[in-house]
Amino acid sequence: MILEFNPANLADCAQRLKNDDLVAVPTETVYGLAGNSLSEAAVRKIFSVKGRPLIDPLICHFFSAADAFAHVFENPSAEQLAAAFWPGPLTLVLPKRSTIPDLVTAGLPSAAIRVPAHSALRELLKHLDFPLAAPSANPFGYVSPTRPEHVYQTLGNKIAAILDGGACQHGIESTIIDLRDVKAPRILRPGPIPAETIADVLRMPVRPHSEHTSSENTGQSAPGMLSRHYSPKAKIKLRAFGQITEKEIFSFSEPRAALILSSKPRAIAQIPNHVFWLSEAPNMDEVAQNLFHLIQSCDAQGYEQLIVEQSPNDGIGLAINDRLQRAAAE
Ligand code: TXA
Ligand code: MG
């Protein structure tokens, strides 16, 4: 079920994928539910196992930029970003070629492509002569998995193989950038690579996700970016970064509720039960890494309410807060 990463299991996973079966695979962002992107039968299984509506398109994962660009119409910006960030947590949206089935892109004329960095997945892609369509390996609407156990707990009865790649390095999903208009790149989903870093490489402004208006949420923005998403069973209440006082932490005792801080409280000797933290020293990369794991572990422990401290609104903090706001949406 959870398969250790070794040559025999890798061959087993490759064979399943060639047979149009699904395999949950590690990436450097979150675990993906992978199937052959070029096979309609495999892609249909992805939507059905995830319970995902067919209007929500999938990302295709490739071994190399050359492989990826064979299926889209690339432009100089795409080439620059691929050279700077691939393999890595960046997804490019570009006009698609007819080789990618319409089912994968939910009928859109564009495709979302990325070259992932996780060594186990790269090894698997090397054994295949087709790209892998892979959404995050969680039931539709639930928190994304960042460890093999998370996949096992939610989809274990529906898929036969989970390739173990350990805990994911980034812990939140890739940054998605729309490059269809080469002069006006814009972020569709904030992620581990911030807009400013991309703008530095392109030497042009990149429209951040926060500037989108809701009227733009049509087919051209990421259709899966529903405002309610990433939702655990527990209700999430958000607090601004740095606004939770020591006194509040010290006296925290709400029934069936957990308090989740962005870093370990320093000044308190006896930290009450039900108080958790996402990083030791304040460190936003570590917060991102631990975020979905801590939320799922609180869900498993039966907490009914999570009071979560947000991150500062810059860099990867924007992506963390984006996921938290969606998780908290009613
Ligand atoms: O880090 C990631 O990106 C992970 C790992 C597994 O690679 N994948 C992931 O996939 O987060 P998923 O399906 O959970 O989210 C993909 C997002 C959705 O919001 C979808 O709407 C958007 O990508 N998307 C896919 N194709 C698109 C397209 N042609 N145009 C705009 N958005 C697209
Ligand atoms: Mg997802």
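No value in this document is a laboratory result; all are computed from the given coordinates. The model shown is predicted, which means the values in this text are computed figures rather than measured ones. Positions of Cβ are backbone-derived with ideal geometry, glycine not excepted, and every protein chain shown enters the neighbour counts.
The table below lists the values:
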{"item": "Filter result for Arg147 (within 16 Å of ligand 2 (Cβ to nearest atom) and farther than 23 Å from Ala42 by Cβ)", "result": "yes"}
{"item": "Among (1) within 16 Å of ligand 2 (Cβ to nearest atom); (2) in a loop (DSSP other than H, G, I, E, B) - the single one Val182 does not satisfy", "result": "(1)"}
{"item": "Residues satisfying the stated conditions in the range 96-107, i.e. of a type in the set (A, V, I, L, M), more than 16 Å from ligand 2 (Cβ to nearest atom) and surrounded by fewer than 18 Cβ atoms within 10 Å (Cβ to Cβ)", "result": "none"}
{"item": "From Val23, Val72, Val93, residue being within 16 Å of ligand 2 (Cβ to nearest atom) and buried (at least 18 other Cβ atoms within 10 Å of the Cβ)", "result": "Val93"}
{"item": "Every residue from the range 1-37 that is within 16 Å of ligand 1 (Cβ to nearest atom) and either outside any loop (DSSP other than H, G, I, E, B) or more than 25 Å from Val143 (Cβ to Cβ) (or both)", "result": "Cys13, Leu17, Val23, Ala24, Val25, Gly32, Leu33, Ala34, Gly35, Asn36"}
{"item": "Within the range 264-302, tally of residues that are closer than 18 Å to Ile236 by Cα and surrounded by 15 or more Cβ atoms within 10 Å (Cβ to Cβ)", "result": "17"}
{"item": "Which numbered condition Ser110 misses (of (1) without any contact (Cβ under 8 Å) to a residue 40 or more places away in the chain; (2) out of contact with any His (no Cβ under 9 Å at 6 or more places or on another chain); (3) within 15 Å of ligand 1 (Cβ to nearest atom); (4) within 23 Å of Ser39 (Cα to Cα))", "result": "(1)"}
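Rundown of residues vs (1) without any contact (Cβ under 8 Å) to a residue 12 or more places away in the chain; (2) in a helix (DSSP H, G or I), yes/no style:
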{"site": "Pro53", "(1), (2)": "no, no"}
{"site": "Asp56", "(1), (2)": "no, no"}
{"site": "Ala66", "(1), (2)": "yes, yes"}
{"site": "Leu92", "(1), (2)": "no, no"}
{"site": "Thr99", "(1), (2)": "no, no"}
{"site": "Asp102", "(1), (2)": "yes, no"}
{"site": "Ala120", "(1), (2)": "no, yes"}
{"site": "Leu124", "(1), (2)": "no, yes"}
{"site": "Asp129", "(1), (2)": "yes, no"}
